[in-house]
């Protein structure tokens with residue numbers, strides 16, 4: 001760890017001497033500049049840089065994985081400690097029917113309140129797939145990006161979240177008061193579909209605190225190579241389910257694994273699951289075929305199409321393909337049309353298939369059970385409840401009523417008005433930072449923002465942040481700490497971005 005930090009400090013000094021590092025000195029907005037706080041806070045950000053890096057590394061080294069029930073209580077305790085250290089006066093661990101969350105408030109005596117959403121859980125990982133151990137949080141040189149922290153949770157979401165906390169530390173270290181009061185809600189089940197997050201938000205004291213807020217943001221760090229950022233006005237909804245085919249439930253096939261020679265006269269639950277899966281989508285697997293699934297799908301509006309067209313013009317198709325490791329979009333559609341599909345279409349995706357023996361070599365068995373892990377993404381005006389019901393009815397109608405459908409988590413789509421203060425504040429900060437940005441109808445990914453945007457809270461909510469990271473849910477996940485790209489912020493610039501955002505929220509009309 002000490003070697004990593006020393007190497008990082010040396011690399012940082014080298015970068016700071018170069019034009020690339022110097023080009024992205026953050027230019028704050030009028031509210032921050034006129035307050036007289038800018039120089040003091042910037043100095044505190046720079047002074048606290050190494051501590052901010054260590055905070056990210058330490059958090060990565062303390063994983064909480066809801067899917068594996070790993071360190072969940074410890075993760076909530078760690079999250080609570082981070083909140084207290086950042087200056088939140090009231091911090092409590094909130095029990096749910098699942099894993100606990102954290103609720104915290106920071107009352108600075110300001111006129112306005114702002115909500116912040118955190119997640120403290122991360123996705124599972126296979127160390128064999130990583131080029132650097134996923135829990136060591138090493139600092140490495142990444143071509144085209146600069147110094148990065150590599151580890152599970154680096155960008156999703158511990159790096160951006162810790163960067164937001166760094167902003168709070170810097171404001172306090174500078175002897176300044178926050179321009180807004182804060183309400184923090186954190187959960188440990190985002191990566192399994194947030195099945196109990198609403199229980200946290202619906203607690204009377206949490207709900208009352210959030211009701212005072214201008215809106216809610218989740219910290220993010222996804223500047224593209226050209227520095228551009230998309231401001232999402234919503235996100236698709238999600239349900240995660242397991243489809244289970246078994247000889248026991250079917251009444252055919254074996255009750256336990258048997259020798260594969262018996263296939264000549266014994267039914268296979270695995271083939272039955274394959275047949276059931278084939279009914280859920282078109283022959284190419286790209287269009288959902290669940291009965292009635294498109295019943296409530298709201299087509300893109302003219303405004304949404306215009307936003308997508310602008311996004312297509314301002315973002316590189318080649319860079320997007322390279323980042324995803326693909327060479328074709330569905331149906332070989334052109335860039336803009338493919339982006340329209342991305343924003344407007346529900347999806348049925350197979351996350352994983354598990355049946356029988358999967359170890360080295362072969363094992364001649366006829367498995368008694370097969371499982372498919374699916375996620376279904378939803379667009380406005382779909383709901384998780386209706387989508388799950390349609391999936392079950394579709395399978396039953398086709399004679400697959402014995403195939404179990406077990407939903408593990410999910411939530412409805414989310415939407416936020418582009419004229420809300422939360423969105424306009426983001427636009428103002430990005431504009432001042434010289435960051436190309438465009439509005440986008442909704443993220444193809446999902447987060448439980450509907451808990452905030454839906455009734456009864458009905459708050460604007462979305463992602464915000466400067467900086468860059470990638471590899472979420474994948475091997476070699478990373479977050480940029482010192483940027484070698486003059487168009488992309490490193491940790492200090494991203495930290496100042498959150499400072500400016502808070503001042504902007506405080507002053508925007």
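The values are calculated or read from the model by the stated rules, or taken from the named source; none is laboratory data. If you're wondering where the values come from, they're calculated on a predicted model, not measured in any experiment. Please note: Cβ atoms are built from the backbone with ideal geometry, for glycine as well, and neighbour counts cover all protein chains shown.
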- Across the stretch 145-157, which residue is surrounded by the fewest Cβ atoms within 10 Å (Cβ to Cβ) among those that are touching a helix residue (DSSP H, G or I) at 6+ places or on another chain (Cβ under 7 Å) and not in a loop (DSSP other than H, G, I, E, B)? 146
- Is it true that some residue in the stretch 368-391 is closer than 27 Å to residue 300 by Cβ, surrounded by fewer than 18 Cβ atoms within 10 Å (Cβ to Cβ) and without any contact (Cβ under 8 Å) to a residue 40 or more places away in the chain? yes
- Identify the single condition in (1) farther than 20 Å from residue 323 by Cβ; (2) part of a strand (DSSP E or B); (3) under 21 Å from the mean Cα position of the chain (by Cα); (4) in the same structural domain as residue 222 (by TED's automatic domain parsing) that residue 482 does not satisfy, given that it satisfies every other one. (3)
- Among the residues of the stretch 428-452, how many are touching a residue at least 24 places away in the same chain (Cβ under 8 Å), assigned to a helix (DSSP H, G or I) and under 17 Å from residue 315 (Cα atoms)? 1
- Query: Counting residues that are under 26 Å from the mean Cα position of the chain (by Cα) and at negative phi, which helices (runs of 4 or more DSSP H) fully inside the stretch 242-356 reach at least 3?
  - Reply: 302-314, 317-324, 335-344
- Task: Kindly establish whether residue 400 is in contact with a strand residue (DSSP E or B) (Cβ under 9 Å, 6 or more places away or on another chain) and either without any contact (Cβ under 8 Å) to a residue 40 or more places away in the chain or in the same structural domain as residue 271 (by TED's automatic domain parsing) (or both).
- Result: yes
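Filter the stretch 294-333 for residues that are closer than 26 Å to residue 435 by Cα and loosely packed, with under 12 Cβ neighbours inside 10 Å and give the result. Give the derivation first.
So the first thing to find is which residues in the stretch 294-333 are closer than 26 Å to residue 435 by Cα, and the list is 302-325.
302, 313, 318, 324, 325 - these are the residues of the stretch 294-333 that are closer than 26 Å to residue 435 by Cα and loosely packed, with under 12 Cβ neighbours inside 10 Å.
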- Message: Please count how many residues of the stretch 432-483 are surrounded by fewer than 24 Cβ atoms within 10 Å (Cβ to Cβ), over 22 Å from residue 191 (Cα atoms) and touching a strand residue (DSSP E or B) at 6+ places or on another chain (Cβ under 7 Å).
- Response: 6
- Go through 226, 205 for me and flag whichever is surrounded by fewer than 20 Cβ atoms within 10 Å (Cβ to Cβ), out of contact with any strand residue (DSSP E or B) (no Cβ under 6 Å at 6 or more places or on another chain) and assigned to a loop (DSSP other than H, G, I, E, B). 226
- Out of the stretch 34-51, which residues are more than 27 Å from residue 507 (Cα to Cα) and buried (at least 16 other Cβ atoms within 10 Å of the Cβ)? 49
- Message: Any residue that is surrounded by 15 or more Cβ atoms within 10 Å (Cβ to Cβ) and within 17 Å of residue 395 (Cα to Cα) - is there at least one of those in the stretch 260-270?
- Response: yes
- Which number in (1) under 28 Å from residue 191 (Cα atoms); (2) exposed (fewer than 15 other Cβ atoms within 10 Å of the Cβ) marks the one condition that residue 338 misses? (2)
- Task: Output yes when any residue across the stretch 403-422 is free of Cβ contacts under 8 Å to residues at least 12 places away in the same chain and outside any helix (DSSP H, G or I), and no when none is.
- Result: yes
